[in-house]
Amino acid sequence: MESQLVAFCLLAMTCTMAMAFEPSPLQDFCVADFTSSARVNGLVCMDSKLVQAEHFTYSGLHLAGNTSNPLGFSVTPVTVAQLPGLNTLGIALVRFDYAPWGVAPLHVHPRATEIITVLEGSIQVGFVTSNPDNKLISKVLQKGDVFVFPMGLVHFQRNVGYGNAVSISAVSSQNPGIVIVASSVFGSVPGIDDDILAKAFQVDKSTVDRLKAQFN
């Protein structure tokens, strides 16, 4: 599986750079300087004289994540936070591990399109189109299959097999962001008023309180 992982990483980097969401860089690279207090749209560039190969290297994507949680799911991101050389390049990778019937819950990437490929197992994927259609586009993927989640649309993944599953995604941003629908709505700080949630979801306040309790 390691050879498949390496091959896909190279392909993802080649393809996604052509459709990067961030503006094109004005220099060869802009390694993120996490020590700078300056605030820009992205991260300040490190002095190029200090740049080393380690700033462009990440190790560990071959390691399985811990799926011992209620969702049966784990994420291993390789964004600018883990790989500072990604700064301004408009690309990142994510490894997903799934226990049997594990779920990546409904979520949105506000700054990126995502392309996912299955390395092991059978994974159901799907996204919902915007109003007014709200159409579910869903398919069960097998090993080697690829699927695209358009930027900003609610989507999910679920292992529909009886063994563990693995997928890897390329995203068109160094920092794609993630909004998990349930925890954002029912676990916000401070919380959204029960009246608003009850009316929005057409349920009573006791149901809202039970849902909030799951995320606080």
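Over the chain, DSSP H runs of length four or greater, each weighted -39,500 (n - 2.57), average out per residue to a 222 nm ellipticity of -5500 deg cm²/dmol.
Surface composition of the chain: carbon plus sulfur atoms hold 60% of the accessible area, using a 1.4 angstrom probe and ignoring ligands, DNA and RNA.
Summing Lys and Arg as +1 and Asp and Glu as -1 over all other residues whose Cβ lies under 13 Å from the Cβ of LEU211 gives a net charge of 0. Of all trypsin sites (Lys or Arg not before Pro) in segment 117-194, which ones are in loop regions per DSSP and have a Cβ with at most 15 other Cβ atoms within 10 Å? In loop regions of segment 117-194 (DSSP not H, G, I, E or B), the sparsely surrounded trypsin sites (Lys or Arg not before Pro) are LYS135.
For ASN87, nonlocal amide neighbours, meaning residues 5 or more places apart or on other chains whose placed amide H falls under 5 Å from its own, are ALA32.
Projected over all directions and averaged, the alpha-carbon convex hull of the chain occupies 14.2 nm². Modelled spin-label separation between ASN216 and VAL128, with each label point placed 7 Å from Cα along the Cα-to-Cβ direction: 2.3 nm. Which log10 I(q)/I(0) values, to two decimals, does segment 53-121 give at q = 0.18, 0.21 Å⁻¹ under the Debye formula with one point per Cα? Computed log10 I(q)/I(0) values: -0.81, -1.03.
For segment 94-216, what class follows from the C-alpha gyration tensor (a ≥ b ≥ c being the square roots of its eigenvalues): rounded when a/c is under 1.5, otherwise prolate if a/b is larger than b/c, else oblate? Spell out each step's value before the answer.
Details: a/c = 2.04, a/b = 1.72, b/c = 1.19.
The shape class here is prolate.
Highest mean packing first, where packing is the average number of other Cβ atoms within 10 Å per residue, the peptides 176-182, 197-203, 74-80 line up as 74-80, 176-182, 197-203. In the context of the full set of protein chains, segment 62-107 has a per residue accessible area of 38 Å² (1.4 Å probe). Sorting the segments 37-48, 95-106 by their residues' average number of neighbouring beta-carbon atoms within 10 angstrom, most packed first, yields 95-106, 37-48. Over the C-alpha trace of segment 110-181, radius of gyration and Dmax come out as 12.5, 37 angstrom.
The values are calculated or read from the model by the stated rules, or taken from the named source; none is laboratory data. Everything numeric in this text was worked out from a predicted model, so none of it was measured. Don't worry about glycine lacking a Cβ; one is built from the backbone with ideal geometry, like all the others, and counts go over all protein chains shown. The protein model used for the area step is the full one, side chains on, heavy atoms only, and it has no ligands, DNA or RNA in it. Shrake-Rupley method; radii C 1.70, N 1.55, O 1.52, S 1.80 Å.
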